[in-house]
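All remarks here apply to the structure that follows.
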Amino acid sequence: MKTKAFIIFLSVTSFFLQPNAITATNKIDSTKQHSKPKYITGIYRVSCGEKENKKIWIVDGLIVRREIYPEFLYGGNNERYLFIPKNEIWIDHAISAEEYSYTLAHELHERNLMATQGISYSDAHDSSLAFERQMRNKDFEIAEEHEKLIHKVSPTDCDGIKQIVELPDSISLKNIYRQKIGVRNGISIWIVDGATVRRDIYPDFGLSGNDLAYHFIPAKEIWIDGNISCEETGFSILCELKEREFLDMGMNYDDAYLKAIKIVEVQRNNNRIITRGHPPVLIPNILERDTGTGREKKSQ
C-alpha cells in the first residue's frame, strides 16, 4: 500500500472590518516600524473560505517573519497587526492540522474583543487562550468518549497485511483520537495521533486514511495525522473522500488512490490560481497596535 501524505483543508468564513485608523488612544511600539511602506508578494498559500465574514488564509509564516514581523507566530488578525488586510485572518502554514481550529478560534475571538470593546491586545490574547483551553478540553472529552464506544478492530490494511506481526488479530484503539473536525457525506473526520498509530498499529500509516483502505479505522471514518501542516489538511480530506468513494464502487486500492490524487492535483491548481490572484500586501510604517479600535461597537 502506497504511503500518502495529504492532510485536512478546513473551510471557514470571513468578516470585513472597518478601516484601521490609528487613534491617540492606541499605544504603538515605535520599534516595530519600517522606514517606508513596501509591498510583499508570495505570502498566501491556501484559501480556507470564510468564517464570521472574515476571509481565512493560510500564509507563509517564514516570509512574514523574514520580511515583515519576526515575532509572527501561529496566526494574526488586523486589529492587532496593521499589515494584515482588514477582511482577513492569517494562519501560519507551519502549525499542525490539530492546532488549526484552535488558532483560528483564538484569532477570531481576540479580534472581536479588540474591535468591539477596545481592550488591550494583552487582555484579548489572555482571554483567547482561555477560550482555546475550553475547546481543547471539550475535544479531549469527545475523543475519549468516542474511543470507549469502539469495538476491537483488525490491525491490517485492505490487502490483509499486518505490519506488526506480533499483534493479535483484533485490537482495541487506545489514545488514538484527538479531535473531531467535521462530517462530510456521512463520513466522520478525525484528527488522530499519527505517531501512536505508526508505533502501535501500522508503521506505514501515511498521514491520512479511511475505513475502506485500513481495517483498523472504524466504519465511516477518515483519519488525519494531527502533526501534519495545516495547509495540507483540505487536500488530504479530499483525497480520502474520493479514494473511499472509488473503493466503495469496487475499484482496487491502487487505482482508487491514483484517481483520487489526480482530483487533488486539480484542486491544488485551482488553489494556486486563487492565491496568485491575491494583491500584494502593503506593509505600513506602523506594524501593530496595543489597544483595539473598539470601532465596531460604535458602528452597531
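The values are calculated or read from the model by the stated rules, or taken from the named source; none is laboratory data. Since we're looking at a predicted model, the values are computed, not measured. Reconstructed Cβ throughout: ideal geometry from the backbone, glycine too, with neighbour counts over all protein chains shown.
Observations, loosely collected:
- Filtered residue count, region 262-277, keeping only those that are farther than 18 Å from Glu240 by Cβ and in a helix (DSSP H, G or I): 7
- Residue selected from region 206-224 under the condition assigned to a loop (DSSP other than H, G, I, E, B) and without any contact (Cβ under 8 Å) to a residue 40 or more places away in the chain, by the criterion farthest from Lys152 (Cα to Cα): Lys220
- Taking the listed residues Gly226, Gly277, Gly250, the one that is within 24 Å of Ile201 (Cα to Cα) and either touching an Asp or Glu at 6+ places or on another chain (Cβ under 7 Å) or exposed (fewer than 13 other Cβ atoms within 10 Å of the Cβ) (or both) is Gly226, with no other qualifying.
- Region 233-247, subset in contact with a helix residue (DSSP H, G or I) (Cβ under 7 Å, 6 or more places away or on another chain) and charged (D, E, K, R), residue surrounded by the fewest Cβ atoms within 10 Å (Cβ to Cβ): Lys242
- Helices (runs of 4 or more DSSP H) enclosed by region 45-154 - at least 3 residues per element that are under 26 Å from Ile181 (Cα atoms) and modelled with pLDDT of 95 or more: 97-117, 121-149
- Residue in region 119-134 that is under 16 Å from the mean Cα position of the chain (by Cα), surrounded by 20 or more Cβ atoms within 10 Å (Cβ to Cβ) and polar (S, T, N, Q) present: no
- In region 257-266, the qualifying residues are those that are without any contact (Cβ under 8 Å) to a residue 40 or more places away in the chain and within 17 Å of Ile187 (Cβ to Cβ), and the one that is surrounded by the fewest Cβ atoms within 10 Å (Cβ to Cβ) is Ile263.
- Residue among Lys259, Lys242 that alone is outside any loop (DSSP other than H, G, I, E, B), more than 23 Å from the chain's Cα centre (by Cα) and farther than 18 Å from Ala97 by Cα: Lys259
- Hey, Tyr100 touching a residue at least 40 places away in the same chain (Cβ under 8 Å), at negative phi and more than 13 Å from the chain's Cα centre (by Cα) or not: no
- Residue check for Ala195: buried (at least 17 other Cβ atoms within 10 Å of the Cβ), assigned to a helix (DSSP H, G or I) and in contact (Cβ under 8 Å) with a residue 12 or more places away in the chain: no
- Some residue of region 241-257 being of a type in the set (D, E, K, R) and under 28 Å from Asn78 (Cβ atoms): no
- Checked against (1) touching a Ser or Thr at 6+ places or on another chain (Cβ under 8 Å); (2) under 22 Å from Arg268 (Cβ atoms); (3) modelled with pLDDT of 95 or more; (4) of a type outside the set (A, V, I, L, M, F, W, C), Gly206 passes all but a single condition, namely (3).
- Matching residues in region 103-151 - criterion: being touching a residue at least 12 places away in the same chain (Cβ under 8 Å) and among the small types (Gly, Ala, Ser): Ala105, Ala115, Gly118, Ser120, Ser122, Ala124, Ser127, Ser128, Ala143
- Within region 49-73, the set of residues being without any contact (Cβ under 8 Å) to a residue 24 or more places away in the chain and crowded, with 19+ Cβ neighbours inside 10 Å comprises Phe72 only.
- There is no residue in region 175-185 that is in a loop (DSSP other than H, G, I, E, B) and of a type in the set (Lys, Arg).
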